[in-house]
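Asks: Can you read through this structure? Questions will come right after.
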Amino acid sequence: MWIEKLAAGVLQVDTPIGPRFVQLNIKQRAYLLWMFRNFPSLPQQVLSPREQRMIDRLCEENGFASMPGMGAADATVIGRIEKRSAVPAEGLLMRLPVAASKSSVRERESEAASA
């Protein structure tokens, strides 16, 4: 199985618009075989900065292919990167219950002061 991946494997990148496949050279396939040796799928956030840069560079240089005539079962996929769009920090701040967290802190401070 790993010989087929080394000979003609592709990298699957899950994007918001669906899975895309990246064609690789033999050196890139060997590195990715090592990277995916324990897990068939990895979120991009768990990769090291070097690995994240490499994945970004592969996607930019080699481009994506959707492989419409070739199903995922037919393609020899070395591994899958779960690429998620970054959530803006403003969206996270708006979801925090600011009023509730401040009131509980004030209650604790007043209890400590009265004791």
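Throughout, read-outs are computed from the coordinates displayed, never taken from laboratory work. Quick caveat: nothing in here was measured; it's all calculated off a predicted structure. Note that we place each Cβ from the backbone using ideal geometry, even for glycine, and neighbour counts take in every protein chain shown.
Asks: Taking R0 as 30 Å, what's the FRET efficiency between MET54 and ILE3 from their Cβ-Cβ distance, rounded to 0.05? All intermediate terms of the calculation are to be shown ahead of the outcome.
Replies: Details: r = 23 Å, r/R0 = 0.76.
The computed FRET efficiency comes out at 0.85.
Asks: Using 18 Å as the cut-off for backbone N distance, which residues of segment 41-60 belong to the label zone defined by a point 7 Å from the Cα of GLN23 along Cα→Cβ?
Replies: In segment 41-60, the label zone of GLN23 (backbone N under 18 Å from the point 7 Å along Cα→Cβ) covers 57-60.
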